[in-house]
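The values are calculated or read from the model by the stated rules, or taken from the named source; none is laboratory data. Because the structure is predicted, anything quoted here is derived from the model rather than measured. Cβ atoms come from the backbone with ideal geometry, glycine included; neighbour counts cover every protein chain shown. Calculation scope for accessible area: heavy atoms of the full protein, side chains included, ligands and nucleic acids excluded. Shrake-Rupley method; radii C 1.70, N 1.55, O 1.52, S 1.80 Å.
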Amino acid sequence: MKKYVLVLNILLLSTVNSNLPVFAQTVRDAFTNTTTLVYSSRGPRVNQTVAESLKRDLTPKAQILTVENPSTKSQNGVITIAITDEGFIPGPTNPPEDGEWMYFRLTGNGSGEMVASKPHLLYTLFCKIRDEWYDREIIKFKNGKLVKTSFPWLTGRDDLLTGRMGFLKKRSQQIQISDIEDSMQELARLGCSHVVTNELATPYGYETGPEGEIYYRFYDYLPDFDQFVETKLNKGTYPREYLESNLNSLKLQAQLADKYGLTPGMHIANPRSVPESLLQRYPFLRGARVDHTFRSYKPRYTLTLAHPAVRWHYAELLRTLLKEVPELGFIVTLINDSGSGFEYTASLYPGRNGGPYVVKEWLPDDVIAKAAAENIIRYYRMLRDVAHETNPDFRLITGLKNIAEESEIILAGIDNGIDLRLRSQRSDVNTEHWNARLNAFREKGSEYFTVVPGRGAGYVLGVPSPWKLHNDLKKNRENNFKNIGVELEPPYLVPFSVNREVVGAFQTDPEININALVAKVAKKQVGEEHAATLLKVWRLVDQVVTAAPAHPLYSWLGFTWYRLWVRPFVPDIAAIPEVDREYYEKYMLSHFNNPHNVDFATDMLWTIENTAESDKSVVQFDNEVWEPLDEAISLTKQAESTAPPNSQEWNVFKDLHDRLLAYRCYAKTLRNLSAWISGVHGYLRADSKSEKQKRIRMVQEMVASELGNTKVLLKLWETSDVDFMAINSFGETMHHYGLNFGELLKKKIALMEKYGDRLPYIDPDYMWRMPEGAELDENEYMNY
């Protein structure tokens with residue numbers, strides 16, 4: 001009898017791998033019975049992408065069939081791929097009424113369906129099947145598996161792909177189109193729905209300025225409509241080659257996004273200033289002056305939106321863009337900053353001003369504010385209506401932080417298709433007042449957006465912070481945000497990212513056990529033997545990222561704007577001759593008379609960080625950062641030394657070690673920046689000998705610390721092939737360092753060694769100096 005049972009079992013096992021569908025045990029087995037992949041020719045492009053990906057990776061024997069109206073009946077061996085609104089595929093019996101979802105059904109005979117509520121989730125679903133479900137039992141999918149997403153709208157804010165950081169290159173080779181496509185694939189894999197795709201095709205903007213001015217440097221990011229297309233009003237303002245190359249770049253990236261079901265969009269500074277040559281043609285269309293008065297040497301003006309010809313112009317610009325790039329589905333606007341602004345709003349850098357058509361400028365502030373707000377609302381509604389002519393789902397997303405005085409009036413006028421972006425987490429969310437306001441906003445057809453910092457560090461790439469990120473995502477979902485953006489890093493610069501995995505896992509399962517997830521990712525990256533070490537490193541770094549002081553300017557954009565990694569940290573910066581400071585000052589966000597040139601604490605009239613804040617920051621860095629961070633770095637080095645050379649685990653630990661060492665240099669520079677402010681300002685203000693001695697010791701320690709830190713950074717730069725920072729291969733800009741970074745570090749070291757022992761000093765009259773070569777001597781006017 002046992003013999004017969006054994007023979008029967010052998011026969012059963014042998015048939016599992018046959019083409020008899022009834023015996024299929026796993027998704028992998030069932031796919032061997034799949035003969036045809038069907039999708040509608042009327043559906044989105046991602047249908048084809050998913051069909052081709054499924055055939056390439058999972059069902060190589062299946063043929064791909066494109067039909068206009070696929071059959072709604074289940075057929076042996078046929079998998080149908082569709083979006084639910086295509087109308088011919090059953091999908092789940094009771095689909096969710098709110099939110100977005102994806103659905104997978106598969107039977108043992110290889111038939112089934114892949115259906116999603118939105119195009120981007122089809123590719124997410126394919127990746128789920130490939131990466132997680134391929135070897136699971138078929139019984140779990142026989143009646144269909146439904147997955148609902150945490151956020152209906154999830155923008156992958158890959159700033160290293162587009163926007164400000166669009167020309168960053170890998171140190172080993174230039175970024176290729178394939179790298180950008182890999183990024184689109186990754187965003188879609190994670191469940192992202194939208195991506196910003198507008199950037200200039202050139203590494204620098206078309207805007208220029210007078211000799212010595214810096215304001216033009218803000219025009220190489222967030223390009224407005226008129227950097228891609230033109231109308232009869234501004235024809236010839238920009239070279240045709242310039243517009244065409246920008247438009248071609250936008251088309252390429254939008255098409256790559258659309259290929260994976262993502263909705264491409266634009267992040268623009270709008271309405272932005274126009275060249276003076278255009279205003280000379282139409283002087284009566286001059287609008288608001290919008291430049292930053294201590295950053296610019298020439299006034300810059302927008303066109304006046306109060307004039308119907310200008311509104312027609314912007315309507316036609318958008319119409320043309322949507323005709324040329326029909327994939328576009330949203331616009332995010334930055335206002336009253338970086339060369340943009342609305343007339344007569346209070347927070348314009350030069351103050352309330354504008355053309356002659358908005359309001360009488362001598363009227364009371366509340367009257368002016370109301371007129372300014374109504375001008376904005378009319379403009380936004382016009383853009384919305386133009387976009388809805390061809391795409392009723394198009395969204396316009398704006399932020400009102402920079403025009404707070406007029407915000408309540410504008411909010412009251414925002415409605416269907418116009419949304420509000422919050423730059424940071426509000427303190428009053430999840431309260432009765434907040435929920436009432438949110439619901440009222442949604443009743444008008446609008447939404448609130450917020451952004452989650454998905455990166456562990458503001459400047460260094462690939463710093464892990466999975467628990468912190470999970471907590472941020474969870475908090476935003478609990479606070480009833482449906483639409484968010486997450487700052488991510490592209491795979492071509494950060495190949496091993498636990499943070500990206502957290503975003504993807506949370507998007508498809510808000511109840512995910514974060515500890516189990518992170519353990520799973522660690523095991524996948526380095527295997528069972530080294531997973532515990534990697535987990536410990538991630539936990540230590542997460543602790544550091546949470547504890548480290550993060551200045552909103554210095555630790556992010558200001559880190560390169562003020563050239564913090566390459567400028568010398570010495571007690572008396574002005575003691576260094578100007579000719580020796582030129583190597584870093586020429587790309588710094590500063591004019592010749594900006595006190596910041598000799599004082600880290602200030603920027604013209606602005607105190608960036610005071611002594612009390614700096615004292616606290618130094619203590620926080622020293623007490624909470626170095627010990628866990630050094631332990632993490634040591635663990636990665638030990639693991640690297642024990643792993644087989646060039647193995648997966650060796651690559652992961654080497655990559656992470658160099659990133660953490662770079663992060664330590666970054667954090668140490670920020671700490672020493674605060675120590676400079678504490679020491680130098682504290683010394684200059686001290687009213688006792690003991691306090692002066694205390695502050696001078698702080699200064700001496702700061703110099704030694706930053707000098708040693710820079711030498712470590714230089715060695716890392718010269719020996720590492722890890723992309724721990726973004727580099728512009730075309731050359732330095734205000735926003736980025738170039739391939740000459742190492743040479744700049746050497747100059748910093750030399751100047752610190754030469755001038756590091758000076759006594760602290762800051763020229764209190766630095767702002768009033770005249771440029772080099774001026775005929776007027778300051779001795780002639782300073783008494784006035």
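For the chain, with every protein chain kept in place, what is the accessible area per residue (1.4 Å probe, Å²)?
The answer is 42 Å² per residue.
What is the distance in Å between the Cα centroid of segment 565-595 and that of segment 724-784?
For segment 565-595 versus segment 724-784, the Cα centre distance is 1 Å.
If the chain between D580 and R281 were fully stretched, how many nm would it gain, using 0.36 nm times the residue separation less the Cα-Cα distance?
Separation in residues times 0.36 nm, less the Cα-Cα distance, equals 103.2 nm.
So which helices of the chain fit the span-like rule, where a helix is a whole DSSP H run, its Cα atoms reach 20 Å or more along the axis, and its mean Kyte-Doolittle is at least 1.0?
Span-like helices in the chain: 2-16.
Taking R0 as 22 Å, what FRET efficiency do you get between K694 and K616 from their Cβ-Cβ distance, rounded to the nearest 0.05?
Efficiency for this residue pair is about 0.85.
Determine the calculated [θ] at 222 nm for the chain from helices alone, applying -39500 (n - 2.57) to every DSSP H run no shorter than 4 residues and normalising by the residue count; nearest 500 deg cm²/dmol.
Per the formula, -13500 deg cm²/dmol.
Need the C-alpha centroid separation for segment 636-675 versus segment 496-530, integer Å.
What the calculation gives is 20 Å, centre to centre.
Taking θ = phi - 60°, what integer Hz values does the Karplus form 6.51 cos²θ - 1.76 cosθ + 1.60 yield along segment 210-222, in sequence order, with x for Gly and Pro?
So the Karplus estimates, Gly and Pro as x, are x, 4, x, 7, 10, 5, 4, 5, 7, 9, 9, 9, 6 Hz.
Where Rh is the Kirkwood radius over the Cα pairs of segment 429-576, the temperature 4 °C and the viscosity 1.567 mPa s, what D in µm²/s does Stokes-Einstein return?
73 µm²/s
Starting from the Cα of K370, step 7 Å along the direction of its Cβ; do the same at N783; then give the gap between the two resulting points in nm.
5.4 nm
Label-point separation (nm) for T431 and K235, each offset 7 Å from Cα along Cα-to-Cβ?
Taking the simple label geometry, T431 and K235 are separated by 5.5 nm.
Considering only C-alpha atoms, what is the centroid distance from segment 330-363 to segment 255-284, in Å?
So the two Cα centres are separated by 18 Å.
Find, among the trypsin sites (Lys or Arg not before Pro) in segment 273-376, those assigned to loop by DSSP (not H, G, I, E, B) with at most 14 other beta-carbon atoms within 10 angstrom.
Working: sites: R281, R286, R289, R295, R300, R311, R319, K323, R352, K360, K370; in loops: R295, R300, R352, K360.
Sites meeting the loop and neighbour criteria: K360.
What FRET efficiency comes out for A404 versus R130 if R0 is 45 angstrom and r is the Cβ-Cβ distance? Round to the nearest 0.05.
The formula returns an efficiency of 0.40 here.
Out of the GluC sites (Glu not before Pro) in segment 65-155, which ones are loop residues according to DSSP with at most 10 other C-beta atoms within 10 Å? It would help to have the intermediate numbers written out before the result.
On the way: sites: E68, E86, E97, E100, E113, E132, E137; in loops: E68, E97, E100.
Sites meeting the loop and neighbour criteria: E68, E97.
Over all distinct alpha-carbon pairs, what is the Kirkwood Rh of segment 216-360 in angstrom?
About 15.9 Å, per the Kirkwood formula over Cα pairs.
What does the net charge come to around W312 if you take all other residues with beta carbon closer than 12 Å to its beta carbon, with K and R at +1 and D and E at -1? Please list the in-between numbers first.
Details: positive: K232, R311, R319; negative: E316.
With Lys, Arg at +1 and Asp, Glu at -1, the neighbours total +2.
Of the heavy-atom accessible surface of segment 374-492 (probe 1.4 angstrom), what whole percent is carbon and sulfur?
Carbon-and-sulfur percentage of accessible area, whole number: 46.
Mind giving me the FRET efficiency for R28 and Q638? R0 is 60 Å, r the Cβ-Cβ distance, nearest 0.05 is fine. Display every interim value, and only then the final one.
Values: r = 38 Å, r/R0 = 0.63.
The formula returns an efficiency of 0.95 here.
Report in % the part of the accessible area of segment 698-737 that belongs to carbon and sulfur, leaving out ligands and nucleic acids; probe 1.4 Å. Walk me through the numbers before you get to the answer.
Details: 780 of 1390 Å².
The C+S portion of the solvent-accessible surface of segment 698-737 is 56 percent.
Using a 1.4 Å probe on the protein heavy atoms, what percent of the accessible area of segment 306-369 belongs to carbon and sulfur?
54 percent
On a full-extension model of 0.36 nm per residue, what is the gain between L759 and L422, subtracting their alpha-carbon distance, rounded to one decimal in nm?
Fully extending the segment from L759 to L422 adds 116.8 nm.
Taking 0.36 nm per residue of separation and subtracting the Cα-Cα distance, what length does fully extending A550 through A686 add?
Working it through step by step, the gained length comes to 46.2 nm.
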